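Colleague: Before we start, here is the structure in question, set down as structure tokens.
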Amino acid sequence: ASSPGTAAPRDRAYDALTAARARTALLTDCVDDGELTAQHSPLMSPLVWDLAHIPNQEEQWLLRAVGGLPALRPEIDPLYDAFRHPRATRPSLPLLSPAEARAYGGQVRDRVLDLLGAARLAEGDPLVDSAFAFGMVAQHEQQHCETMLITHQLRSGPVALTAPEPPRAGADAAGLPAEVLVPGGPFTMGCTPGDEPWALDNERPAHVRSVDPFFLDTVPVTCGAYRRFVDDGGYRDPRWWAPEGWEQIRRHGIGAPLFWRREGGGWLRRRFGVVEPVPDDEPVLHVSWYEADAYARWAGRRLPTEAEWEKAARHDPVSGRSRRYPWGDAEPTPDHANLGQRHLRPAPAGSYPAGASPLGVRQLVGDVWEWTASDFLPYPGFAAFPYREYSEVFFGPAHKVLRGGSFAVDPVACRGTFRNWDLPVRRQIFAGFRTARDAG
Ligand code: AVJ
Ligand code: FE
């Protein structure tokens, strides 16, 4: 365990890039070419698109922007521009074949490692200081690994991926208090390159926020708790729903989380090709923001704001300082959190006592992305870096913020300040939630 300052930036970049490529290989070598080029869902790209988009971004940011090298294959840039082609249309593009995509990825990576070995990484240029661009590219690849895992979850057919089960919750899990009081007052939200060198633009700058005292669920909402909402007729009662959410569930006939199916008196779910009983003690997954919001209202509660979430995750009441993770400043280990696709499911609620926050909140990082009440907006003093299309074009009321990271995200793309966002109708992502209420 170390803070980011302990490992030399070059070594940290090498390790992060290498780990990301191993994950990409694992997710794409386990299926045949037909499966790589098929569209498993109109919501997702074919896997072969991700397989070439990853090195295309790597080439643009590292070989061209940092290295000043000429384009290897300029003609393919438009094919892999996510803004130019919506996901549903990507299978009809003249994409690289799986073999071509792998060869291109290898060519780019060989040159990137040469560049990393030779580059001066502290010249007062924010793109290369602390190997930022290399870290950004590693995070980008790992984010696409999470996207590719979503594609695997949506695909049907024989099982392609397996992983060991997460550890069972400890003996103390059953006795945890339902909620924790988070004191009101100021705390530092966001970060600077000094304390989090690979933070992306939307996490910056650090600034002081104040929240009123509030109660927060100790653990994410479980499948068992959510099932009570379903069985209570929650999806048939407009009182609980935001108007747009009510319209969505009516129009699409939604009555339970995605991948759930009623069978006899109980509920089954499909997970990476296996059908199994819905596990009551596991954090609920595959609910939209509207479903999370409706559950919270039914429970007499609400979603936490993004600032509340970050205060619960980072504020140390003893020192008054904001830390990198709920457990402190040390990088995540397998004892802290369920991250990095080590397991293909969330761990039971109440797991990971070593990852608890100072106030005792569990599983803030890892397991499931957590919907917050907040729109995705820039922090005061935000500056787009290095490109507007990473964050800035998504700011506004259309997207809701998710925090904390799922079992599917690598630690390199997950920390107390990390901000994810998506449309409130989105259900295929590895998202759950926890609830809050005002104190006093
Ligand atoms: C931050 C997860 C919303 O997947 O759309 C990938 C990350 N940006 N390629 C996404 C991203 C460009 C992004 N999210
Ligand atoms: Fe991308």
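Please treat every number below as a calculation from the coordinates, not as lab data. Nothing here was measured: the structure is a model prediction, and the numbers come from that model. Cβ sites come from the backbone with ideal geometry, for glycine too, and all protein chains shown count toward neighbours.
Colleague: In terms of modelled amide H atoms, which long-range or inter-chain residues lie less than 5 Å from the amide H of residue 330?
Modeller: none
Colleague: If you don't mind, another one. As a footprinting exposure proxy, order 150, 76 by other Cβ within 10 Å, with the fewest listed first.
Modeller: Fewest to most other Cβ atoms nearby, the residues stand as 150, 76.
Colleague: A follow-up question, please. Find, among the chymotrypsin sites (Phe, Trp or Tyr not before Pro) in segment 30-130, those assigned to loop by DSSP (not H, G, I, E, B) with at most 15 other beta-carbon atoms within 10 angstrom.
Modeller: 83
Colleague: How far, in nm, would the chain grow between residue 425 and residue 118 when pulled straight, counting 0.36 nm per residue and subtracting the alpha carbon separation?
Modeller: 106.0 nm
Colleague: Please check the chain for the longest run free of GluC sites (Glu not before Pro) that are loop-located per DSSP (anything but H, G, I, E, B) and have at most 13 other Cβ atoms within 10 Å.
Modeller: No qualifying site falls inside 124-388, the longest such stretch.
Colleague: Further question on the same structure: Which residue fluctuates most in the GNM of the chain (Cα springs below 10 Å): 66, 409, 393?
Modeller: Result for the chain, Cα springs under 10 Å: 393 fluctuates most.
Colleague: I've got another one for you. Just want the ordering: 414, 30, from fewest to most Cβ atoms lying within 10 Å of their own Cβ.
Modeller: 30, 414
Colleague: Beyond 35 Å, how much of the Cα-Cα pair distribution for the chain remains, as a whole percent?
Modeller: 28 percent
Colleague: Between residue 210 and residue 125, what is the spin-label point distance in nm, taking each point 7 Å from the Cα along the Cα→C-beta axis?
Modeller: 4.4 nm
Colleague: Highest first, please rank the peptides 345-358, 312-325 by the mean number of other Cβ atoms sitting within 10 Å of their residues.
Modeller: Ranking, from highest mean packing down: 345-358, 312-325.
Colleague: Related question: Exactly which trypsin sites (Lys or Arg not before Pro) in segment 375-440 are in a DSSP loop and have at most 14 other Cβ atoms within 10 Å?
Modeller: When the trypsin sites (Lys or Arg not before Pro) of segment 375-440 are filtered for loop state and at most 14 Cβ neighbours within 10 Å, 388 remain.
Colleague: Still on this structure: Between residue 307 and residue 162, how many nm apart are label points set 7 Å from Cα along the C-beta direction?
Modeller: About 4.9 nm separates the two model spin labels.
Colleague: Return the distance in nm (one decimal) between the two label points of a simple spin-label model at residue 268 and residue 280, each offset 7 Å from Cα along Cα→Cβ.
Modeller: The answer from the label model is 2.0 nm.
Colleague: Averaging over every viewing direction, what projected area does the convex hull of the Cα atoms of segment 27-135 cover, in nm²?
Modeller: Answer in nm², one decimal: 7.4.
Colleague: Take the eigenvalues of the Cα gyration tensor for segment 169-256, scale each by 5, and report the square roots as semi-axes in whole Å, largest first.
Modeller: 34, 22, 15
Colleague: Now for a different question. Which FRET efficiency value, to the nearest 0.05, do you get for residue 69 and residue 383 by plugging their Cβ-Cβ distance into 1/(1 + (r/R0)^6) with R0 = 22 Å?
Modeller: 0.25
Colleague: For segment 236-349, what class follows from the C-alpha gyration tensor (a ≥ b ≥ c being the square roots of its eigenvalues): rounded when a/c is under 1.5, otherwise prolate if a/b is larger than b/c, else oblate?
Modeller: It comes out oblate by the Cα gyration axes.
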